[in-house]
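A.B. asks: After the structure tokens below, expect a handful of questions from me.
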Amino acid sequence: MLHFIARRLGFVVLMIVLSSMLIFIATQVLPGDVATMMLGRFATDQAKENLREELGLNLPLVAQYTDWLGGFATGDWGDSVSTRAEIRPLVLQRLRNSAMLAAVAFAIFVPVGILLGLVAALRRNSWVDQAISVGSLAFIGLPEFVSAVILISIFSIQLGWLPSQSAIDPKSGLWEAFPSLVLPAVTVALTSLAYIVRMTRSSTVDVLQTDYVRTARLKGLPPSRVVFTHVLRNSLLPTITVIAISIGWLMGGLIVTESVFGYPGLGRLVLFAVQRRDIPLIQVTVMVVVLIYGVSNLIADMLYAVLNPRIRYT
Amino acid sequence: MDGFERDGESSRKGGAADPQDEIMKTAETEDEFASGTPGAHVAQTATHPPAVLPQKMRSLYWHRLKRRPAALVGVIIFCFFLILAMFGPWIAPYEFDVQSAALRLQSPTVQHPFGTDQFGRDILSRVIVGTRNIFLLGGFGTLFAVLIGTPIGLVSGYVGGLVDEVIMRLLDVLLSFPSLLLALVLLSVIGPSNANLVLVVTILYIPMLARVVRSMVLDLKTKEFVEAARVRGERQSYILFREILPNSLPPLLVEASMRFSYSIFMVASLGFLGLGVQPPSPDWGLQINEARNFFSLAPWTLLFPAGTIALLVVATNLMSDGLRQVMLPGVARD
């Protein structure tokens, strides 16, 4: 087990370091001179030179990279060049907001997804199964902005129940922000739901055909007992991995949903940074997302190994 | 006479001969052809594979497809959009960029079935002409990813060892970002243009396609017919491209069709964020983003393009899922 954890951990660390190189190199080859971009075309050469000095742009690339990575690792995330504000408090604030949105979305799609997948598998090939399978297929890959605008048109414009914009107060907690979180969370849930449903359905179908489930049925256990103690325990294994992986996406990949609703999360900060070509901000935000992504993958692997001992030895 | 028929034939008989087996199978699959063969490519591997899909195989696929109404509907709708993409400018009732102050934000009529937008442009025409961009960007992106990812996967899986390890780790780096985020950062670096959009879709999908091919190669290279070719003294390139590649085609095609349906999502989302096709070219995502401002005034400006994207995405999903069930029956879904 320790060996397994060490290997996975090493792998994730390697991925994060390689990703940081990719981010750094990609943002350093941005066409156009950063100093000119920030100061405008009419800045004096002296001013540009001073700025390059300040940003460390005249050092060799490797030195710039190690400086930057060292700074990132020790919590010195620098200043945004477009807002001139410190990056760290901004990113942490957005991270908190993203976590709130992720939590609400999570609370919707995980139980609903597992339930629908289970029902589809138990009523296999019935019309219920067909409806759930085709329905979930329809939502996989449906762009979030399409489902978002449809939800907004129904629930905020026609019915007026929920706000269409979710620009929450930075200090508001989960409870005060809740009404603003519902529509974005449902939008996200609709997209993620399909994966959970399909995963749960296919693994439950597999488990239902195993010998131990047949034995449990033949020895006369009540159907509910068979489902909850024999089937679910085994069929949820792959689903749990999918759920854990989705955390990374929920925290940093919701660029579209957050920008439709104007929700101040991490994804929208990335978009802001990209639109302003704010290189330090792009580097930090993307790096934070990669970290979360890597850690959630690691958690997925761990959970899988804990729940399914066979995997540890392969 | 090739291996498929014999294989399909014997397994069907085998299935019928064993009642116990038959019960298990009826629970497992809906059509008799799939019952004995856990995957078409698995059946193929038993004997010497032909270079292309033979007639028999195609009619088998068609036979299975006919039994899946949802997949069939997907294929039909997809073909409809394909025609729009090819002949859009001739089908569209108006020029997509003709503006008219008198016709601003008109609700749907017989002349303008989808209504008009804030510049008085016909929305139906813009939707029809915009189909081409989605198909071209997503299609070429996926195609190039297949063309580059396939040899990478072949070599990586076949050579193995350190080469395989290094290639796979490098591709994993691309997978360690949420894909839209990576697309966004790459586009901000190279700037949004049609060629760059294709490039970004290609870069994003290479790892996934290479992985599928690699896993097929790992499975196939231990098979007897590959061994036999090696003993016969065939060249490496012959073994790779004439023995292994044709047998990797079904999963590769399924993966490519799934990637294509995701690429619609990707291109439309980037358009929505303003990093896709640049105006005045019609782009579905951008159209929806602009229409948000007029929603309460003119909901049709938003609902028709949104509905069109939804229809195309659902159709492509149904099609690629059908393709998976037809070409790889019995193989677990992701």
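Bear in mind that the values in this text are calculations on the coordinates, not laboratory data. Just so you know, these numbers come straight off a predicted model, no measurement behind them. Here Cβ is always computed from backbone atoms with ideal geometry, including for glycine, and neighbour counts include all displayed protein chains.
A.B. asks: Can you tell me the orientation of helix A:266-276 relative to chain A, as the angle in degrees between its alpha-carbon axis and the longest Cα principal axis, to the nearest 10?
C.D. replies: 30
A.B. asks: What order do you get for B:TRP284, B:TRP300, A:TRP161 when you list them from fewest to most C-beta neighbours inside 10 Å? Write down the numbers at each step before the final one.
C.D. replies: On the way: B:TRP284 27, B:TRP300 22, A:TRP161 11.
Ascending Cβ contact count within 10 Å gives the list A:TRP161, B:TRP300, B:TRP284.
A.B. asks: Give the distance, in whole Å, between the Cα centre of the range A:206-231 and the Cα centre of the range B:199-220.
C.D. replies: The range A:206-231 and the range B:199-220 have Cα centres spaced 38 Å from each other.
A.B. asks: Also: Distance between Cα centroids, the range A:276-299 to the range B:229-252: provide it in whole Å.
C.D. replies: 41
A.B. asks: Taking each residue in A:242-253, count the Cβ atoms of any other chain within 10 Å of its Cβ, then average. What number comes out?
C.D. replies: Working: counts 1, 0, 0, 0, 0, 0, 3, 4, 1, 1, 4, 6.
That works out to 2 on average.
A.B. asks: Which angle between 0 and 90 degrees, to the nearest 10, do you get for helix A:2-28 versus the longest principal axis of chain A when only C-alpha atoms count?
C.D. replies: Computed tilt is about 40 degrees.
A.B. asks: Order by neighbour count: A:TYR65, B:TYR238, fewest other Cβ atoms within 10 Å first, most last. Walk me through the numbers before you get to the answer.
C.D. replies: Values: A:TYR65 16, B:TYR238 13.
Placing the least packed residue first, the sequence is B:TYR238, A:TYR65.
A.B. asks: Next question. Taking the C-alpha atoms of the range B:255-334, how large are the radius of gyration and the largest Cα-Cα span, Dmax, in Å?
C.D. replies: Over the range B:255-334's Cα set, Rg and Dmax evaluate to 15.6, 51 Å.
A.B. asks: Nearest 500 deg cm²/dmol is fine: what mean residue ellipticity at 222 nm does chain A get from its DSSP H runs of n ≥ 4 alone, each adding -39,500 (n - 2.57), divided by its residue count? Could you put the intermediate results ahead of the total?
C.D. replies: On the way: 13 runs with 225 residues, N = 314.
Helix-only estimate at 222 nm: -24000 deg cm²/dmol.
A.B. asks: Taking the Cα atoms only, what angle lies between the long axis of helix A:61-73 and the longest principal axis of chain A, rounded to 10 degrees?
C.D. replies: Between the helix axis and the principal axis of chain A, the angle is about 60 degrees.
A.B. asks: Hey, another quick one. Give me the extension gain from A:ASP79 to A:THR229: residue separation times 0.36 nm, minus the current Cα-Cα distance, reported in nm with one decimal.
C.D. replies: On the way: separation 150, 0.36 × 150 = 54.00 nm, distance 5.35 nm.
Between A:ASP79 and A:THR229, full extension yields 48.7 nm more.
A.B. asks: In what order do A:GLU258, A:GLU86 fall by count of nearby beta-carbon atoms within 10 Å, going from fewest to most? Can you show the working numbers first?
C.D. replies: Working: A:GLU258 27, A:GLU86 13.
Listed from fewest to most nearby Cβ atoms, that is A:GLU86, A:GLU258.
A.B. asks: Output needed: percent of Cα pairs per 10 Å distance bin for the range A:93-313, bins running from 0 to the one holding the longest distance.
C.D. replies: With 10 Å bins starting at 0, P(r) equals 8, 28, 31, 21, 10, 2, 0.
A.B. asks: Just the C-alpha atoms of the range A:229-268: what Rg/Rh do they give, with Rh taken as the Kirkwood radius?
C.D. replies: Details: Rg = 15.0 Å, Rh = 11.8 Å.
Ratio of gyration radius to Kirkwood radius for the range A:229-268: 1.28.
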